[in-house]
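J.: Sharing a structure here in structure tokens format.
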Amino acid sequence: MATFTVTIGSYTNLPPSQIGNISINLNYNETYTFTIANFTTGTTPIYVDPEGDSVETVKIITIPTVGDLELSTVAVSPNDEITLADIVAGNLKYIADAADTDGYTDNDMTFDIADDGSSTYSGLTAGIVTFVVAAQDNQPPTEVGDGSTTIDYGETLISTEAMFTSGTTPAYS
């Protein structure tokens, strides 16, 4: 009778094999709170790990050049590692640049992902986050007041901006 011996070697948990890009549309001066879906099922292509492991950390490789990226109100720096717990808690936020009223697109934020099994970053081409921020809406005035001016017959009245703004009751707003 023959003996057949099976030797099982150690198991190697592999890092993620696919990460993708995402585009986030925002209104002027809006704050966006990241979710785990932003780095997994919401990307194109979607996050894939060979063993099906979930995300452990997201490494922010580069930060946006416009607006602010914060973790619990503290500025995020390049190569900061954000835990799954912080993302789930809603601590990772992007704040659109309030000074830019014309709208903008910023695709400078990049990231990599480490899975829960291997704790190793993918090393793939970094995922890109693109922020598309709409221009500020030009709202109509909230106050338009009345004004008056007295001039003598034959005089010329030169209108000024103040006559239609600060010189009205209530003042233009």
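The values are calculated or read from the model by the stated rules, or taken from the named source; none is laboratory data. If you're wondering where the values come from, they're calculated on a predicted model, not measured in any experiment. Reconstructed Cβ throughout: ideal geometry from the backbone, glycine too, with neighbour counts over all protein chains shown. SASA here: full protein model, heavy atoms, side chains in, ligands and nucleic acids out. Shrake-Rupley method; radii C 1.70, N 1.55, O 1.52, S 1.80 Å.
J.: Along its principal axes, what span do the Cα atoms of the stretch 75-132 show, with the longest given first and each in whole Å?
T.: Ordered largest first, the stretch 75-132 gives principal extents of 44, 27, 16 Å.
J.: Measuring from label point to label point, each 7 Å out along Cα→Cβ, what is the residue 75 to residue 125 span in nm?
T.: 3.1
J.: Okay, moving on. Using alpha-carbon positions, what is the distance between the centroids of the stretch 1-49 and the stretch 64-106, in Å?
T.: Centre-to-centre distance over Cα atoms comes out at 21 Å.
J.: Compare 35, 130, 149 in a GNM of the chain, Cα atoms joined below 10 Å, and give the one with the largest fluctuation.
T.: In the Gaussian network model the winner is 149.
J.: If I stretch the segment between residue 6 and residue 171 completely, what's the gain in nm (0.36 nm per residue apart, minus their alpha carbon distance), one decimal?
T.: 50.5 nm
J.: While we're here: Taking the Cα centre of the stretch 2-116 as the origin, how large is its charge dipole in debye, to the nearest 20, when only Lys and Arg (+1) and Asp and Glu (-1) carry charge on their Cβ atoms?
T.: With Lys and Arg at +1 and Asp and Glu at -1, about 280 debye.
J.: Oh, and also: Determine, for each peptide in 135-148, 80-93, the mean count of other beta carbons within 10 angstrom over its residues, then list the peptides with the highest first.
T.: Ranked from most to least packed, the peptides come out as 80-93, 135-148.
J.: For the stretch 6-82, just list the percent of Cα-Cα distances falling in each 10 Å bin from zero outward, please.
T.: P(r) over the stretch 6-82, rounded to whole percents: 15, 41, 28, 10, 5, 2, 0.
J.: Whenever you get a sec, compute what percent of the accessible area on the stretch 103-149 sits on carbon and sulfur atoms (1.4 Å probe).
T.: Values: 1080 of 2530 Å².
C and S atoms contribute 43 percent here.
J.: Defining a contact as two alpha carbons under 8 Å apart and six or more residues distant in sequence, what relative contact order in percent does the stretch 101-148 show?
T.: Normalised by residue count, the contact order of the stretch 101-148 is 44 percent.
J.: Ok, one more. Looking only at the stretch 14-48, which residues have a backbone nitrogen under 14 Å from a spot 7 Å from the Cα of residue 105 in the C-beta direction?
T.: 22-26
J.: At 1.4 Å probe size, with the rest of the protein present, what percent of the exposed accessible area of the stretch 1-68 is carbon and sulfur atoms?
T.: Reported share for carbon and sulfur atoms: 56 percent.
J.: Taking just the alpha-carbon atoms of the chain, what radius of gyration and Dmax come out, in angstrom?
T.: When restricted to Cα atoms, the chain yields Rg and Dmax of 27.9, 128 Å.
J.: Write down the accessible area per residue of the stretch 26-140 in Å², having rolled a 1.4 Å probe over the full set of protein chains.
T.: 49
J.: Treat each spin label as a single point 7 Å out from the Cα along the C-beta direction, and report the residue 66 to residue 21 distance in nm.
T.: Simple spin-label model gives 1.7 nm for this pair.
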